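Enquirer: Okay, here's the structure, questions in a sec.
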Amino acid sequence: MALRTEELILNMGPQHPSTHGVLRLIVTLDGENIVDAQPDIGYLHSSVEKMMEARTYLQNIALVDRGMDYLTAMSNEEVWVLAVERLAKIEVPERAKSIRTIMLELQRISSHLIWWGTFGIDLGAFTAFLWAMRERERIMDLFEASTGGRLHHVYFRIGGVNEDLPEGWTDRVAEFCDYFLARLPEYDDLITGNPIFQARTKGVGVLPLSTAIAMGASGPVARASGLSYDVRKAHPYEVYDRVSFDIPVRTAGDCFARYEVRMEEMRQSVRIIRQCLEHLPAGEIRSKVQVALKVPKGEVYARTESPRGDLGIYLVGDGSDKPYRVKIRAPAFSNLYALTEMMKGWKVADVIAILGSIDIVLSDVDR
Amino acid sequence: MSVQPAETDGKKGLVEQAWQAAVGLVVGLKSTLRTMFEPKATVIYPLEKINVSNRWHGLLALPIDPETDNDKCIICFQCERVCPDRCIHIEATGKGKDRVLTRFDIEMDKCCYCGLCVEVCPTEAIVFVPHYEASTYNRANLLYDLDDLHRAAPKEPIATGVVKVRRQVGGTR
Amino acid sequence: MSTDPKAIPRSTVMPLDRALEVIDALPGGGAVLTKVEDVLNWGRAASVWPLTFGLACCAIEMMQFMATRFDADRVGIIPRGTPRQADCIIVAGRATIKIAPIVRRLWEQMPEPKYVVSMGSCATCGGPFYYDNYSILKGIDQVIPVDVYVPGCPPRPEALYEGFLKLQEKIRKEPFLRRRIAAAAQAGS
Ligand code: SF4
Ligand code: SF4
Ligand code: SF4
């Protein structure tokens with residue numbers, strides 16, 4: 001005869017060391033087992049979409065950096081300028097395209113490094129955090145030298161980039177690529193090959209392919225479940241159609257697969273950066289665009305592959321210098337949808353591992 | 001509902017697991033040990049400082065032009081118009097050539113250091129300075145008026161790399 | 001205060017309300033008190049334990065501040081996960097109206113004496129989210145008292161460091177013991 005037990009509701013957050021920001025999880029427990037996990041979002045809602053309607057197209061570049069996913073400021077700028085350029089039919093010089101690609105991939109590495117470090121902390125490896133931050137500081141130095149900002153750059157402009165690369169910057173990037181590739185095996189020694197880490201992540205938090213698609217998951221979360229889809233390949237932008245790189249795909253769909261996909265993505269990013277550096281064309285970096293650009297009437301949807309997945313912007317222009325309506329399709333929001341499915345049936349001790357493995361940024365979820 | 005991982009049962013599994021964990025620990029420790037003998041990554045901040053790159057978006061300033069003994073601002077209001085945070089406030093009196101600035105305030109607490117004002121300024125009157133230390137006990141100190149902005153401009157050229165400085169507590173204000 | 005008539009009033013056990021007068025009247029008493037205070041303050045200033053409470057982008061720079069290159073641990077700034085163990089809260093990032101009561105509650109949970117560092121434009125006054133916005137709090141000082149404001153968006157880790165130096169300066173100058181005795185006297189009488 002089964003013992004009659006009561007379900008317990010556990011509130012995690014919003015202030016919790018491992019919720020990666022201000023997320024509140026309402027976990028329903030039956031003993032140790034998770035029956036249900038509902039995220040309570042909105043603690044970082046900054047009403048960016050509304051604010052964008054009151055700012056000009058140029059000013060919005062400064063806003064999307066901060067209001068959207070703050071770990072990947074470049075990706076936000078990219079998707080915004082891409083949408084405006086497509087609607088206003090503005091050509092971008094070749095050199096600017098290459099520079100943008102380098103920046104985007106550097107940003108991808110830095111974002112994945114933050115995830116790697118904090119995932120390490122979640123699973124009890126503090127060294128990982130310190131190492132990831134050490135490498136990230138180097139990327140920050142590169143960003144600072146070229147864009148002037150560490151976290152928020154305001155570097156991309158409609159029709160190009162703000163300033164040309166400083167002297168010797170490309171050599172520094174190449175140097176960093178070598179340095180970083182030499183570091184990655186050490187990461188594998190420290191975390192990937194560690195049996196304790198594997199025991200905590202392998203087979204945990206499985207997201208089947210069909211559920212991943214149904215929930216609209218994208219990026220590394222979907223690719224770890226076996227969905228071979230990457231916007232960089234499917235709808236190429238900038239110079240992604242001219243560089244060769246692989247999309248890492250795993251079929252296990254567990255935390256370890258998501259981990260592996262991201263680690264491999266960092267290697268592929270280095271590969272892309274190297275190709276771009278090799279074929280960096282000379283010439284203009286910015287085509288002539290007025291400060292108060294007037295965008296014609298119409299609507300456009302631009303999508304890019306941010307480190308967290310399929311990031312899109314739906315933009316409606318009304319012929320003035322301010323957008324009429326902007327809708328942001330945030331990858332972390334859809335990935336958080338899938339969290340409930342991943343968590344059901346696991347133990348309460350796995351919550352942190354699963355939450356860490358989907359790599360959400362609350363600013364992207366709430367906007 | 002997803003499948004739970006199979007429970008490892010029996011003695012052999014346990015011993016093997018313990019052995020694997022020990023090996024993993026040694027491999028990890030070897031990496032950390034190697035890092036111990038690498039050059040240090042830490043900058044001892046108040047004693048050493050990293051000089052920021054010359055594009056760094058630090059505080060804003062209106063440097064004094066030694067030729068005219070005044071700033072280069074031609075009161076075109078471009079920076080005020082482009083600022084996404086609306087934190088520049090300019091007022092002027094007079095007409096034509098005799099126009100003088102009566103107010104040039106930047107709310108440094110509201111500014112997001114985006115650099116659009118520096119970009120649009122036609123005379124390079126408003127610039128970023130490589131200073132970032134401006135923390136204060138009182139928020140009102142973060143409203144920089146014309147005098148503050150004149151004073152904030154750097155006197156020396158910008159160096160790069162890590163420099164040693166005398167121990168100092170507190171910033172410019 | 002207890003209203004039980006049998007309870008001994010606290011002031012008869014330790015006449016705290018007169019303690020400060022007595023100490024100051026003693027030859028050298030005030031100087032000794034100040035010296036003791038200095039030692040205590042020196043200790044307090046060298047071990048400001050902040051609560052790790054990242055709200056938005058500034059939290060990333062706060063992480064850098066505590067990580068490899070700037071290594072806050074070496075000056076006794078050791079991040080704590082719970083407000084009960086923290087001396088200081090770094091409000092790193094924009095606070096929404098939804099999170100504001102939680103920030104307030106965390107601050108109330110911290111033991112006295114407690115300090116608040118407002119990091120970045122958003123925490124200071126709303127920053128880039130000041131205009132045309134319906135959800136962001138226009139400055140964290142509307143809910144909790146702020147000791148040090150660090151401008152920047154985000155402030156460099158060094159800038160946050162400088163904010164902490166300012167905070168340490170403030171702690172060192174505080175008449176900590178005197179205030180404690182006065183507070184205890186007020187509670188006792
Ligand atoms: S840097 Fe940006 S936010 Fe600051 S004053 Fe200039 S335009 Fe305004
Ligand atoms: S843009 Fe330059 S010249 Fe024009 S008002 Fe601003 S500071 Fe003065
Ligand atoms: S001050 Fe800037 S970096 Fe900090 S939270 Fe606000 S927008 Fe983000």
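The values are calculated or read from the model by the stated rules, or taken from the named source; none is laboratory data. Just so it is clear, the model here is predicted, and its values are computed rather than measured. Cβ placement follows ideal geometry from the backbone for every residue including glycine, while neighbour counts extend to all protein chains displayed. The area values use the complete protein model at the heavy-atom level, side chains included, leaving out ligands, DNA and RNA. Shrake-Rupley method; radii C 1.70, N 1.55, O 1.52, S 1.80 Å.
Enquirer: What distance in nm lies between label points placed 7 Å from Cα along the C-beta direction at B:E38 and A:Y337?
Expert: 4.1 nm
Enquirer: Still on this structure, please answer the following. Return the aspartates and glutamates within reach of C:K138: Cα separation strictly under 19 angstrom, same-chain partners fewer than 8 residues apart disregarded; answer none if there are no such residues.
Expert: A:E49, A:D366, B:D85, B:E107, B:D109, C:D147
Enquirer: If you place +1 on the Cβ of every Lys and Arg and -1 on the Cβ of every Asp and Glu, how big does the dipole about the Cα centre of region A:46-365 come out, in debye to the nearest 20?
Expert: My answer is approximately 780 debye.
Enquirer: Hey, in the GNM for chain C with a 10 angstrom Cα cutoff, which one of C:A25, C:A56, C:A67 fluctuates hardest?
Expert: Highest fluctuation among the options: C:A25.
Enquirer: Normalised by the empirical 2.2 N^0.38 Å for globular proteins, what value does the Cα Rg of region A:46-365 take?
Expert: 0.98
Enquirer: Turning to a different aspect of this structure: Under 10 Å, Cα contacts only: if you run a Gaussian network model on chain A, which one of A:V291, A:V261, A:V239 comes out with the highest mean-square fluctuation?
Expert: Answer for the Gaussian network model of chain A: A:V291.
Enquirer: With all protein chains present and a 1.4 Å probe, how do B:W19, C:W107, A:W131 order by accessible area, largest first?
Expert: Greatest to least solvent exposure: B:W19, C:W107, A:W131.
Enquirer: With the Cα gyration tensor of region A:213-267 giving a ≥ b ≥ c as the square roots of its eigenvalues, does the rule (a/c under 1.5 for rounded; else a/b larger than b/c for prolate; else oblate) give rounded, prolate or oblate?
Expert: It comes out oblate by the Cα gyration axes.
Enquirer: Additional query: Before I look further, what does chain A give for accessible area per residue, probe 1.4 Å, in whole square angstrom?
Expert: Heavy-atom accessible area per residue stands at 33 Å².
Enquirer: Quick one: check the C-alpha center-to-center distance for region A:267-295 versus region B:89-114, whole angstrom.
Expert: Between the Cα centres of region A:267-295 and region B:89-114 lies a distance of 35 Å.
Enquirer: How would A:V249, A:V231 rank on accessible area, largest to smallest, probe 1.4 Å?
Expert: Highest to lowest solvent-accessible surface, that is A:V249, A:V231.
Enquirer: If you rank B:D148, A:D188 by how much accessible surface each has, with a 1.4 Å probe, what is the order from largest down?
Expert: A:D188, B:D148
Enquirer: Right, here's the next one. Do any of A:K202/A:K233; A:K97/A:K322; A:K233/A:K322 go past 27 Å between their Cα atoms, and which?
Expert: Over 27 Å apart, Cα to Cα: A:K202/A:K233; A:K233/A:K322.
Enquirer: Let me ask something additional. Using each residue's phi in region C:36-53, evaluate 6.51 cos²θ - 1.76 cosθ + 1.60 at θ = phi - 60° and report the 3J(HN,Hα) Karplus result to the nearest Hz, with x for Gly and Pro.
Expert: Each residue of region C:36-53 in turn: 4, 4, 4, 5, 4, 5, 4, x, 5, 5, 8, 9, 7, 9, x, 7, 7, 9 Hz.
Enquirer: Moving on. Starting from the Cα of A:N33, step 7 Å along the direction of its Cβ; do the same at A:D241; then give the gap between the two resulting points in nm.
Expert: Once both label points are built, they end up 5.2 nm from each other.
Enquirer: Farthest toward the dipole's positive end in chain C, which of C:A86, C:P155, C:V116, given Cβ charges of +1 (Lys, Arg) and -1 (Asp, Glu) about the Cα centre?
Expert: The Cα lying farthest towards the positive end belongs to C:A86.
Enquirer: Label 7 Å along Cα→Cβ of A:V291; region B:74-110 residues with amide nitrogen under 16 Å?
Expert: Backbone N within reach: B:74-91.
Enquirer: Moving on. Would you work out the relative contact order for region A:94-176, in percent, from Cα pairs under 8 angstrom that are 6 or more residues apart?
Expert: Values: 61 pairs, mean separation 19.8, N = 83.
So the answer I get is 24 percent.
Enquirer: For q = 0.15, 0.20, 0.22 Å⁻¹, what log10 I(q)/I(0) does region A:225-332 give under the Debye formula with an equal point scatterer on each alpha carbon and no solvent?
Expert: Ignoring solvent entirely, the Cα scatterers give -0.86, -1.13, -1.21.
Enquirer: By residue number, which cysteines of chain C lack any other Cys whose Cβ falls under 4.7 Å from their Cβ?
Expert: Lacking a cysteine Cβ partner under 4.7 Å: C:C57, C:C58, C:C88, C:C122, C:C125.
Enquirer: Let me ask you something else. Cα gyration tensor of the protein assembly as shown, axes a ≥ b ≥ c as square roots of the eigenvalues: rounded (a/c below 1.5), prolate (a/b > b/c) or oblate?
Expert: Because a/c hits 1.5 or more and a/b fails to exceed b/c, the protein assembly as shown counts as oblate.
Enquirer: May I pose another question? For all pairs of alpha-carbon atoms in region B:59-167, what percent lies in each bin of width 10 Å, listed from the first bin to the last filled one?
Expert: 13, 45, 31, 10, 2
Enquirer: Leaving out ligands, DNA and RNA, what percent of the accessible area of the protein assembly as shown is carbon and sulfur, probe 1.4 Å?
Expert: 56 percent
Enquirer: What does the buried accessible surface come to for B and C, summed over both chains, with the probe at 1.4 Å? Round to 100 Å².
Expert: Buried surface at the B/C interface: approximately 2900 Å².
Enquirer: Extending each Cα 7 Å along its Cβ direction at A:D318 and A:S228, get the distance between those two points in nm, one decimal.
Expert: In this crude label model, A:D318 to A:S228 measures out at 4.6 nm.
Enquirer: I would also like to ask the following. Cα-based count: Lys pairs in region B:59-167 below 23 Å, eight or more positions apart or different chains?
Expert: Close lysine pairs found across region B:59-167: 4.
Enquirer: Would you list the membrane-span-like helices of chain A, meaning whole DSSP H runs whose alpha-carbon atoms span at least 18 Å along their axis and whose mean Kyte-Doolittle value is at least -1.0?
Expert: Membrane-span-like by this criterion, though nothing is claimed about a membrane: A:73-88, A:94-122, A:126-147, A:169-187, A:255-278.
Enquirer: Here's a follow-up. Place a +1 charge on the Cβ of each Lys and Arg in the protein assembly as shown and a -1 charge on the Cβ of each Asp and Glu, then give the dipole magnitude about the Cα centre in debye, rounded to the nearest 20. The partial results should precede the final answer.
Expert: On the way: 88 positive and 92 negative charges, 141 e Å.
The dipole magnitude comes to about 680 debye.
Enquirer: Measuring from centroid to centroid over Cα atoms, what is the spacing of region A:26-78 and region A:185-201 in Å?
Expert: 30 Å
Enquirer: For region B:59-167, what does the relative contact order come out to in percent, with C-alpha contacts under 8 Å and a separation of six or more? Don't skip to the answer; put the middle values down first.
Expert: On the way: 153 pairs, mean separation 38.6, N = 109.
In percent, rounded to a whole number, it is 35.
Enquirer: Need one number: % antiparallel among DSSP beta bridges in region B:59-167, to the nearest 5.
Expert: Roughly 100 percent of the beta bridges in region B:59-167 run antiparallel, per DSSP.
Enquirer: If you put +1 on each Lys and Arg Cβ and -1 on each Asp and Glu Cβ, how big is the dipole of region B:59-167 around its Cα centre, in Debye rounded to 20?
Expert: Approximately 220 debye in magnitude.
Enquirer: Chains B and A: how much accessible area gets covered up at their contact, both sides added, probe 1.4 Å, in Å² to the nearest hundred?
Expert: So the buried area, both faces added, is about 2700 Å².
Enquirer: Below 8 Å, C-alpha to C-alpha, sequence gap of six or more: please give me the relative contact order for region A:46-365 in percent.
Expert: Once normalised by length, the contact order is 28 percent.
Enquirer: Using a Gaussian network for chain C with springs between C-alpha atoms less than 10 Å apart, which of these wobbles most: C:V103, C:V32, C:V148?
Expert: Comparing C:V103, C:V32, C:V148 in the GNM, the peak value goes to C:V32.
Enquirer: Quick one: helix C:100-109 against the long Cα principal axis of chain C, what's the angle to the nearest 10°, folded into 0 to 90?
Expert: It is inclined by approximately 30 degrees.
Enquirer: So how far, in whole Å, is the C-alpha centre of region C:102-152 from the one of region A:106-141?
Expert: 27 Å
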